[in-house]
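Below is one structure, written out as structure tokens; the observations come after it.
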Amino acid sequence: MTTPLLEIKNLHASVEGTEILKGVNLTVLPGEVHSIMGPNGSGKSTLSSVIAGHEAYDVTEGSIMFNGIDLLELEADQRACAGVFLAFQYPIEIPGVSTKFFLKAAVNAIRKYRGQDELDAMDFLDLVEEKAKSVNLNIELLDRNVNQGFSGGEKKRAEVFQMALLDPLLGVLDETDSGLDIDALKIVAEGVNKLRSPERGFVVITHYQRLLDYIIPDFVHVLMDGQIVKSGDKSLALVLEEKGYAAFKPCGCSCGC
Amino acid sequence: MSTQKNNLDVRKTTIDDQITSMPMPSSGTLLSSSNPVEEDTALLKETFKEKYKWGFVTDIEADSAPPGLDESTIAFISAKKKEPQWLLEWRLKAYRHWLTMEEPDWAHLKYNKPNYDEIIFYSAPKSLEDGPKSLDEVDPALLETYEKLGIPLHERAALAGVAVDAVFDSVSVGTTFKDKLEEVGIIFCPISEAVHEHPELVKKYLGTIVPYSDNYYATLNSAVFTDGSFVYIPKGVKCPMDLSTYFRINAKSTGQFERTLIIAEEGASVSYLEGCTAPMRDENQLHAAVVELIALDDADIKYSTVQNWYPGDENGVGGIYNFVTKRGKCQGDRSRITWTQVETGSAVTWKYPSCILLGDDSVGEFYSVALTNNYQQADTGTKMIHIGKNTRSTIISKGISAGFGQNIYRGLVKIMKSAEHARNYTQCDSMLMGDRCGAHTFPYIEIKNKTAKAEHEASTSKIGEDQLFYCNSRGISTEDSINMIVNGFCKEVFRELPMEFAVEARRLLEVSLESSVG
């Protein structure tokens, strides 16, 4: 039997004493793409932050295993080194730090963790050029400070580029489609599709079904009020689109209760 | 990261017009933004375990004056230096004036005032009694001290291409590269030597930029200054190398009162670097220096400081009081003076390197990074006094506060009636780490000519969890992330520093912030 890439069991997490996740279960096998959909406030972003190790969230119950290791034992930077990548919904700006410098530090931190030699400037630039080409990223963007002066689309594309560069086992995309027009969405989706492989898995968090026209998921889960209330294949996304989230409320009606 | 920007309109203040009087007005705060940060930051716990690495004491016999200050102490210092009568009289005039002055308390600083009766105002390593004839005659223990400090004093100086004048407690212990500089007519020597060998220059310029009556600490310095550097760059000469001074306080209970005078004649240019360290001691030691710069037509002086005096321990015990008056005068047309400072040390800093822009088209610049950690306090900034036409000034100030540190930017931009089309740009950014430190800005802008343009931008930000999380999520450790974020914040200032100093500054910042996040 294949070791699951990600195995979340009965995950409860809270922020400042308020419980957001109330028993999430999710298993992702290598090569699979899982989409998590849900209304605002259902806990989608919390789930991605908890997987990546944001300290503001307290895990009060449950477990997250990643490729056979206990993810909750690791700090955020160690999780990244172990192969978890989070593409941010709102990528953070770092004034005065060039993107290239930032990414070289990231690549070498991860290589060091994996027992590989650090890349020198030349090798790093070769790698950057190769990966930038693969996601259609204007390489001049990388001379700017991290996410500063990037348009919304550039930010998202840069996130996908970073994912390509850091070569994770698991990519978590937190509403990568938000704020993108259809052309930008296609480019981002294409970048992600290129990264799909038999070893790599994805958790694609989205509010709208639209993204899933371009990144075809193997499974779709509906997250509501901190729990996965329904799982299915990609057709579930279409049902959602048609009926809205209300249909998945415990009472089953569309009354908005 | 939350950022708030203030774009200040030009406003008038009610400060007195004496450009050479107290560096800053004693009352009337224009804009004060205090930032006691409320948010809880679990990540940012101050543990500050990093030890001051320059805290060793060199065991050398010292020749000292008895503690305390009266006219006989001044006579003693003057006699030790075999000074001419005019200088002794100047010192005494300053001392008598000092007795009538009060220690200033307008700065946003809290500290116990120094007890001037307990300070030793003169301390010289004894083996220098008759002055070393060459570097070979310098006490090996002294040279070792400088070696520990990483100063290229000997042959290493040649490799580094830096000429060094090292001031240890109160006397200069050796100036490298003197001969080579002399070939092009540059004078670079201890000021005590310049008094004897170039009295006409010293007499002409000493106290013309910072008069003996200027302010409490400068007046004290005028009375008791012991040594410092003297630089003279003749007409049209571009100094072929960076000149450098290292100051070190070694003996116990001593004050250090050095005085530096730099003169750049027409078309001359020089880059001068200053570094400072001191041993770890429980009591506070006073450092009250004066630096005067004069730039004639088309001359260019770049003065860079990396200040790393002992900051006191993690409970705020000990450390240097760094009360310094630095001022440059762009006397000639098209002259330029640039102050760049990286202030990471000292328990208390009170320092406003300033420019008097007298010549038409002259330029004044001030680039500053000030870091306060633990219980350090820094009240620092600049004054730009525009007198000539088309004068320009730029102020970039970066304050970083961690632990219980208090960081104050205080700056004056003054555009006089005669300063047609003067321009100023001020940018003043503060970064807070943790929720127990403070950042305050007190900008004063005074404009008397309506063709003037002055811009002021200020921001306060906090190294946020989100920024750290973003770096972490890319595999970068928290400590490396903080260094990266802080260095990015200071970039505009670091790029003004000479290469080797920029490297040192980055390293110092890293050391000073080590373990600042738990």
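Name every residue in the stretch B:86-108 that is farther than 18 Å from residue B:193 by Cβ and either open to solvent by 30 Å² or more (accessible area, probe 1.4 Å) or among the acidic types (Asp, Glu) (or both), in order of residue number.
Answer for the stretch B:86-108, where residues must be farther than 18 Å from residue B:193 by Cβ and either open to solvent by 30 Å² or more (accessible area, probe 1.4 Å) or among the acidic types (Asp, Glu) (or both): B:89, B:93, B:96, B:97, B:99, B:100, B:101, B:102, B:103, B:105, B:106, B:108.
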Please enumerate the residues belonging to the stretch B:432-476 that are among the small types (Gly, Ala, Ser), within 14 Å of chain A (Cβ to nearest Cβ) and part of a loop (DSSP other than H, G, I, E, B).
B:464, B:473, B:475
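What tally of residues in the stretch B:301-320 results from selecting those that are assigned to a strand (DSSP E or B), open to solvent by less than 10 Å² (accessible area, probe 1.4 Å) and at negative phi?
Total satisfying the criteria: 7.
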Sort out for me the strands (runs of 3 or more DSSP E) sitting completely within the stretch A:191-236 that have 1 or more residues that are out of contact with any helix residue (DSSP H, G or I) (no Cβ under 9 Å at 6 or more places or on another chain).
A:201-206, A:227-232
Please count how many residues of the stretch B:283-300 are touching a Ser or Thr at 6+ places or on another chain (Cβ under 9 Å), open to solvent by 10 Å² or more (accessible area, probe 1.4 Å) and outside any loop (DSSP other than H, G, I, E, B).
1
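When you check residue B:511 against the structure, is it open to solvent by 20 Å² or more (accessible area, probe 1.4 Å) and assigned to a helix (DSSP H, G or I), yes or no?
Judged against the criteria, residue B:511 is not a match.
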How many of the residues making up the stretch B:450-479 are of a type in the set (S, T, N, Q) and free of Cβ contacts under 8 Å to residues at least 60 places away in the same chain?
4
The lone exception for residue A:88 - which of (1) under 17 Å from the mean Cα position of the chain (by Cα); (2) more than 9 Å from chain B (Cβ to nearest Cβ) it fails:
(2)
Just the residues that are surrounded by fewer than 19 Cβ atoms within 10 Å (Cβ to Cβ), part of a helix (DSSP H, G or I) and within 20 Å of the chain's Cα centre (by Cα), please, taken from the stretch B:477-501.
B:491, B:492, B:499, B:500
Output the residues belonging to the stretch A:94-109 that are in contact (Cβ under 8 Å) with a residue 40 or more places away in the chain, facing another protein chain (nearest Cβ under 7 Å) and open to solvent by 10 Å² or more (accessible area, probe 1.4 Å).
A:95, A:96
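The values are calculated or read from the model by the stated rules, or taken from the named source; none is laboratory data. The structure displayed is predicted, hence computed values, not measured ones. A quick note on method: Cβ atoms are made from the backbone with ideal geometry, for glycine too, and the neighbour counts reach across all protein chains shown. Ligands, DNA and RNA are stripped out before the accessible areas are found, and what is left, the full protein with its side chains, is counted by its heavy atoms. Shrake-Rupley method; radii C 1.70, N 1.55, O 1.52, S 1.80 Å.
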